[in-house]
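A.B. asks: First the structure, then my questions, so here it is.
The values are calculated or read from the model by the stated rules, or taken from the named source; none is laboratory data. As the structure is a prediction and not an experimental result, all values here were calculated from the model. Cβ sites come from the backbone with ideal geometry, for glycine too, and all protein chains shown count toward neighbours.
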């Protein structure tokens, strides 16, 4: 796998909004966090643009910002402002020339949710990335979350997600493979494309999934599709993060009988791989009205970044842990 080099003080972070529009105040507040790490911030030209109440500028504007940061030799990190529902429009940015340039000049990409589409592109071409907090909202996550991603970027030791985290065992066992942190829906949307991280990429996989705002019946179908993939045998272990606002409106009587976690366990059991739940990564549980700004102080404010492409060992038993088996940065 191709890894970017560790950052040093004075390096530049390029901020782009590849999907939904983002609120300026929260983004600028979080930018102050990374400035305190000694990093410079370069804003995409269209990062605060809006198309109605949806996208962060037109597809052409978002592609322009993304490619500008990719080909700027001073930019060492490309950090997504936020996720959303429009990242599919920026896929044309990743043409043959762009991929070749990134393989020769690797740089960190950071984000989750809709931005997993970009992380899938990198994984499919054997490049590492960080599935972690978007820049907008970084200041809302706790100190450990911010320190974990800072350490990863600067090449300081991060050994994994240890036993102190909010683990729950499901299927006991051990597995080794390369990390693939994912939003479940975006993983499914990548299937069959040239950016399919299960079809391409390198080696065995430990799959780390999270999701929000879908029905249990949809969740059930999506897990079935993952394990019906023609290369699903690459998946040797599985971690499920936060499952936020997973309800069932279409079949309410059936939906009351099973939790989202139970649905997943029933399906993964058929494939005989270890499975654990970890509530320390994924979408925020508090981000729903009313009183979202107040509720965040009473919910889990941890988002431990997943280093995609890094070899790791998952242990599921009376104690669960995830150990990283190699350096995250190219030193």
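A.B. asks: Given the conditions (1) surrounded by fewer than 18 Cβ atoms within 10 Å (Cβ to Cβ); (2) modelled with pLDDT under 95, which single one is not true for residue 72?
C.D. replies: For residue 72, the exception is condition (2).
A.B. asks: Do any strands (runs of 3 or more DSSP E) entirely within segment 274-331 hold 3 or more residues that are farther than 27 Å from residue 82 by Cα, and if so, which?
C.D. replies: Of the strands (runs of 3 or more DSSP E) lying wholly inside segment 274-331, those with at least 3 residues that are farther than 27 Å from residue 82 by Cα span 311-316.
A.B. asks: Then there's this: Can you tell me which of 83, 111 is closer than 24 Å to residue 327 by Cα and buried (at least 22 other Cβ atoms within 10 Å of the Cβ)?
C.D. replies: 111
A.B. asks: Then there's this: I'd like the full set of residues that are touching a residue at least 60 places away in the same chain (Cβ under 8 Å) and either surrounded by fewer than 20 Cβ atoms within 10 Å (Cβ to Cβ) or within 18 Å of the chain's Cα centre (by Cα) (or both), limited to segment 1-10.
C.D. replies: 1, 2, 3, 4, 5, 6, 8 - these are the residues of segment 1-10 that are touching a residue at least 60 places away in the same chain (Cβ under 8 Å) and either surrounded by fewer than 20 Cβ atoms within 10 Å (Cβ to Cβ) or within 18 Å of the chain's Cα centre (by Cα) (or both).
A.B. asks: Can you pull out every residue in segment 247-266 that is at pLDDT 95 or above and buried (at least 18 other Cβ atoms within 10 Å of the Cβ)?
C.D. replies: Passing the criteria: 260, 263, 264.
A.B. asks: Specify which of the listed residues (246, 214, 225, 239) is touching a helix residue (DSSP H, G or I) at 6+ places or on another chain (Cβ under 8 Å) and closer than 20 Å to residue 270 by Cα.
C.D. replies: 225
A.B. asks: So residue 187 fits all but one of (1) farther than 20 Å from residue 313 by Cβ; (2) in contact (Cβ under 8 Å) with a residue 40 or more places away in the chain; (3) surrounded by fewer than 20 Cβ atoms within 10 Å (Cβ to Cβ); (4) in contact with a strand residue (DSSP E or B) (Cβ under 9 Å, 6 or more places away or on another chain); what number is the exception?
C.D. replies: The one condition residue 187 does not meet is (3).
A.B. asks: Follow-up. Which of (1) in contact with a helix residue (DSSP H, G or I) (Cβ under 7 Å, 6 or more places away or on another chain); (2) farther than 27 Å from residue 285 by Cα; (3) in contact (Cβ under 8 Å) with a residue 40 or more places away in the chain does residue 121 not meet, given it meets every other one?
C.D. replies: Result: residue 121 fails condition (1) only.
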